[in-house]
Amino acid sequence: ISISEPFTVSSVVDLQVHIEGPNAACQNDHVTLSAIVDYDLEGHTYQWYVDNQIIENATEAHYTFDVNALYEATGSLAHEFTVEVLRANCVTPVVSPVHAFLINPVPMADVIAPEKVCAGNGVTLEAVVYQLGQDAQYQYVWYQDNEETVYAGPNDYVNTLFVPAEDV
């Protein structure tokens, strides 16, 4: 007995996925990560994870997040993102390799000045950074009366500022 019915043969190719996007951002930034699938077929579904925890409502190919909100929710500066991709008509999802991500905290600094300044003398101010990443090289921009000063520009990596006597 032979029965002939039309049928379709589909080749199943191993799905590969990885994450593209920055590996670090400043605390006040917004970041978008993208799931890159090597075979762009219709019907993929996505689920994003951070530190092995499901991210609610993160079910698109691109995931945008507020870096500060992530820090406040976790209290951590280092994170690992993954994305799970499920191809249409399949039951086993493919998980991306880990995408390491580091939050660069907003540096905090105190300005140290002498307690007394003699009339007619200038003064040297010093910025002391007390945020995480003490060994980092910070860019110092000095302000006087909410205006950037002429004493130090945006490319100065010096944590001291001399203010001439006429401006004290």
Under 12 Å, Cβ to Cβ, from Phe81 - net charge with Lys/Arg +1 and Asp/Glu -1: -4
- prompt: Suppose R0 equals 30 Å; then what is the FRET efficiency for Thr92 and His30 from their Cβ-Cβ distance, rounded to the nearest 0.05?
  reply: 0.35
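Read the figures in this text as sums done on the coordinates, not as results from a lab. Predicted, not measured: the structure shown is a model, and the values here were computed from it. FYI the Cβ positions are ideal-geometry reconstructions off the backbone, even for glycines, and counts take in every protein chain you see.
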